[in-house]
1. Could you check segment 152-183 and list, in sequence order, the residues that are part of a loop (DSSP other than H, G, I, E, B), within 19 Å of E239 (Cβ to Cβ) and among the small types (G, A, S)?
2. Mind counting the residues in segment 187-232 that are touching a helix residue (DSSP H, G or I) at 6+ places or on another chain (Cβ under 8 Å), outside any helix (DSSP H, G or I) and either of a type in the set (V, I, T) or farther than 18 Å from T158 by Cβ (or both)?
3. Could you count how many residues in segment 239-259 are surrounded by 16 or more Cβ atoms within 10 Å (Cβ to Cβ) and of a type in the set (S, T, N, Q)?
4. Answer yes if at least one residue in segment 181-195 is at positive phi and surrounded by fewer than 17 Cβ atoms within 10 Å (Cβ to Cβ), and no otherwise.
5. Do we have T163 as in the same structural domain as N273 (by TED's automatic domain parsing), closer than 28 Å to L25 by Cβ, buried (at least 18 other Cβ atoms within 10 Å of the Cβ) and touching a Lys or Arg at 6+ places or on another chain (Cβ under 6 Å) here?
6. Restricting segment 28-68 to residues that are at pLDDT 80 or above and among the small types (G, A, S), which is surrounded by the fewest Cβ atoms within 10 Å (Cβ to Cβ)?
7. Being among the small types (G, A, S) and surrounded by 16 or more Cβ atoms within 10 Å (Cβ to Cβ) is the filter here, so list the residues in segment 201-234 that pass it.
Amino acid sequence: MFTKILVATDVSEASDHVISCLHQLRPLGLKEVVLANALGIKHLDALKYELTRLVEPHLLAQKQNLEKQGFAAKIEIGPGLPSYEINRIAEKENVSLIALGTHGMGLTAHLLGGMASEIIHSATKPLLIIRLIVKEEGGIPCSQPACLDLGQSLLYATDFSDTAHRAFTYLEKMVESGWKKITLVHVQDIVRIGKHLESRLEEFNRIDGERLEMLKTKLMEKGAKQVKIALPYGSPISEILKESQQDNYSLIVMGSQGSGFIKEVFLGSVSHNVVRLAALPVLLIPALRQ
């Protein structure tokens, strides 16, 4: 499934922690990793060589870490901005997934020079965002990654769009690869339904509940042992985040664009806000671009 992935590394602690989590992707087929670093100085040749010299030792250490885990690994350094270089290298290497690491609870300048949002918006490959949680132990700040665990539950959020359906095809493969406990959630959007359609909420629940039951049946046929259904009414962002805190979830899976691609790029989609606010890793499956 994810046999070859790209790790977008800014040689920070966040990207080190992403690498430490990758062994948990082995059941999903991971064998080869491309370490990609973008310098962001495409037209400054002298500085390019100097920065390459500075980042190479850390990249080599990350490469050795991956090889100790049993993965084939290679290094790619691009001179341009991360939003361009990461996707260019991902296409060139034909990877099946891009993995990113981020500090804390938001996509800020801590991740890849502040270009995480641009990478998410422009990516044509699935994206795995792994959160680095900072805690205090004995008054000393320390960090640890929120890694994946196939033994824990997975939360799949759907708006029944084409992109959500594409994300579901990945979910089916993940179930076949060993993920057995799934929750399917669809939020009845209070803004869209509002006071004019609220009288039909019971009807909408019946229709969408049947849709979720069909998805549940498909997953059970693929080998899932436990599939729950959630159909809350409210704000999609808030309800997805609330559900993610209710169970022992290890991952959120969803499409990275719902209905209205251009609108979501400029205003921020549900999926991008979930990435920004969730404490869990999030796997985003991008819309097919024409």
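1. Initial filter on segment 152-183 (part of a loop (DSSP other than H, G, I, E, B)): 152, 158-161, 177-180.
After this cut, where a residue has to be within 19 Å of E239 (Cβ to Cβ) as well, the list is 158-161.
Within segment 152-183, S161 is the sole residue that qualifies.
2. 4
3. To start, the set of residues in segment 239-259 that are surrounded by 16 or more Cβ atoms within 10 Å (Cβ to Cβ) comprises 239-241, 243-244, 249-258.
Among the residues that remain, those that are also of a type in the set (S, T, N, Q) are: 244, 250, 256-257.
The total comes to 4.
4. There is at least one residue in segment 181-195 that is at positive phi and surrounded by fewer than 17 Cβ atoms within 10 Å (Cβ to Cβ).
5. no
6. Here is the first cut: in segment 28-68, the ones at pLDDT 80 or above are 28-38, 56-68.
Narrowing the set further to residues that are among the small types (G, A, S) leaves 29, 36, 38, 61.
Details: G29: 14, A36: 26, A38: 26, A61: 12.
Ranking the qualifying residues of segment 28-68, first place goes to A61.
7. A224, A230
Let's see how each residue does on (1) of a type in the set (V, I, T); (2) modelled with pLDDT under 85; (3) touching a strand residue (DSSP E or B) at 6+ places or on another chain (Cβ under 6 Å); (4) assigned by TED's automatic domain parsing to the domain that holds V275:
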residue	(1), (2), (3), (4)
G70	no, no, no, no
G78	no, yes, yes, no
R88	no, no, no, no
L100	no, no, yes, no
L132	no, yes, yes, no
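The values are calculated or read from the model by the stated rules, or taken from the named source; none is laboratory data. Everything quoted here is computed from the prediction, not taken from an experiment. For neighbour counting, all protein chains shown are included, and Cβ atoms are generated from backbone atoms with ideal geometry for every residue, glycine included.
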